[in-house]
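The values are calculated or read from the model by the stated rules, or taken from the named source; none is laboratory data. Because the structure is a prediction, the values reported are computed rather than measured. Cβ placement follows ideal geometry from the backbone for every residue including glycine, while neighbour counts extend to all protein chains displayed.
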Amino acid sequence: MKYQTIPKARIGALIGKDGETKESIERTANVKLTIDSESGEVIIDDTKTDAVSSLKAEQVVKAIGRGFSPKRAFRLWEDDVIFEIIDLKDYYGKKENRIRIARGRIIGTEGKARKTIEDFTGTYISVYGNTVSIIGNYEEMEIARKSIEMLLQGSKHSTIYKFLAEKRRESRFSSLDSY
């Protein structure tokens, strides 16, 4: 058994229309989800599945709880895809105003900064509450995390975009070297 608590506001996304999302998680990972809509607690009964499927189910539930759509969270079923959460309180403590500004810098005007990082790295990024979550493979994750950390440390958006462009060029050259 695994226990996960997600925000009450995300319970509906976890269950999905007519229970479709919940059923899809249960079927894919061979687990049973029990969701308490009052407390936000999710019990994952993994007694009939293997450790990898259990872990993946837990990550999918956590990702949906951190603001990802089920469709994006389901990318975690892929073998080389991982999930990471950056807690903004680790950077700013309980300074709500600084956390609010940091969220705005990561999202950018009309979502441009987040979208640019996603497009350059191939990751999915969710800014929810006091956290920034990333879904992607290891290489994608490293570049996305570094970009977000640079923003949190005060780097200009243009600096981040140049960093991303350079990483993309490096990636293209390294893939050419393998031929």
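Give me the pairs, please: first residue somewhere in the range 74-85 and within 9 Å of residue 56 (Cα to Cα), second residue anywhere and of a type in the set (Phe, Trp, Tyr) and in a strand (DSSP E or B), beta-carbon distance under 8 Å, and either six or more positions apart or on two chains.
Hits for this filter: 76/83.
What's the number of the condition residue 136 fails, among (1) of a type in the set (Gly, Ala, Ser); (2) in a helix (DSSP H, G or I); (3) more than 22 Å from residue 12 (Cα to Cα)?
(2)
So which residues in the range 6-39 are outside any loop (DSSP other than H, G, I, E, B) and of a type in the set (Asp, Glu), if there are any at all? Quick ask: steps written out before the conclusion?
At the first step, the residues of the range 6-39 found to be outside any loop (DSSP other than H, G, I, E, B) are 8-15, 17-29, 32-35.
Correct list: 18, 20, 23, 26.
Can you tell me how many residues in the range 92-121 are of a type outside the set (D, E, K, R) and crowded, with 16+ Cβ neighbours inside 10 Å? If you could, list the steps in order and put the result at the bottom.
Step one: of the range 92-121, the residues of a type outside the set (D, E, K, R) are 92-93, 97, 99, 101-102, 104, 106-109, 111, 113, 116-117, 120-121.
Filter again for crowded, with 16+ Cβ neighbours inside 10 Å, leaving 92, 99, 102, 106-108, 113, 116-117, 120-121.
Number satisfying all stated conditions: 11.
Give 106, 117, 143, 125 a once-over and let me know the one that is under 28 Å from residue 78 (Cα atoms), part of a strand (DSSP E or B) and modelled with pLDDT of 95 or more. I'd like the intermediate steps shown before the answer.
Working: 106 fails: part of a strand (DSSP E or B); 117 fails: part of a strand (DSSP E or B); 143 fails: part of a strand (DSSP E or B).
None of the other options fit; the residue is 125.
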